[in-house]
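Inspection log for the structure reproduced underneath, given as structure tokens.
The values are calculated or read from the model by the stated rules, or taken from the named source; none is laboratory data. What you are looking at is a predicted structure, and each value in this text was computed from that prediction instead of being measured. Ideal geometry is used to build each Cβ from the backbone, glycine not excepted, and the neighbour counts take in all protein chains shown.
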Amino acid sequence: MSHSEENLVISCNGKEYAAILTHPQPTASLTAEVAFILTHGAGGDMNYKQLVEMAGILAENGISCLRFTCKGLNLVHRSRVYETVLNRLKEMGTFKGCFLAGRSMGARAAATVAGTLAADDDYVLGVVCISYPLHPPNKLADLRSLELGHLEQFGLQSRHTQTNHVHGLAIVNAVTRNVLLLKESG
């Protein structure tokens with residue numbers, strides 16, 4: 001199954017952020033009802049190879065993926081931009097729900113946003129954290145797990161390196177199968 005991409009610009013606090021919405025090719029029996037929002041780590045962007053591959057795998061399985069670039073090391077800023085992206089996806093009115101996902105610092109932003117959602121917000125179906133940085137380099141006692149403790153939604157965490165990204169793609173495939181099962185039963 002092939003897919004298409006739509007370039008978007010997300011405005012937040014007077015700045016514009018590039019985004020790409022990857023759509024599956026619709027068929028008579030399959031339309032995207034669920035989406036992923038996906039962002040990169042501190043040193044990357046939305047065109048990071050792993051994120052592009054994940055968006056493609058999701059689209060091949062009937063799930064749209066909105067990935068975006070937000071540079072900078074300020075978690076509060078990145079979380080605000082992430083929340084703006086989430087609101088933009090909701091405003092589109094195309095999807096019944098979404099998963100918040102990110103790699104490294106992007107995973108921290110996804111978990112932060114998910115942790116601030118109202119208990120009755122059923123649009124966000126879960127959180128997928130890839131290479132979540134549980135602590136700064138060489139500072140094992142300085143845990144960054146606070147964001148994870150506030151999650152009410154399903155959370156999934158994967159840890160791997162650039163050279164071993166196949167494990168991360170296997171996780172995406174597993175999540176995709178579960179989303180498809182949810183769609184079939186719901």
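If you take the residues of segment 69-85 that are within 15 Å of the chain's Cα centre (by Cα) and in a helix (DSSP H, G or I), which of them is surrounded by the most Cβ atoms within 10 Å (Cβ to Cβ)? Per the criteria, the residue is Tyr82. Applying the condition of being of a type in the set (Lys, Arg) and outside any helix (DSSP H, G or I) to segment 86-119 and asking which residue is surrounded by the fewest Cβ atoms within 10 Å (Cβ to Cβ) yields Lys96. Filtering segment 39-63 to residues that are without any contact (Cβ under 8 Å) to a residue 60 or more places away in the chain and not in a loop (DSSP other than H, G, I, E, B) leaves Leu51, Val52, Ala55, Gly56, Ala59, Glu60. In the condition set (1) in a loop (DSSP other than H, G, I, E, B); (2) modelled with pLDDT of 90 or more, Leu66 is compliant with all but (1). Of the listed requirements (1) free of Cβ contacts under 8 Å to residues at least 40 places away in the same chain; (2) in contact with a helix residue (DSSP H, G or I) (Cβ under 8 Å, 6 or more places away or on another chain), Asn138 misses just one: (2).
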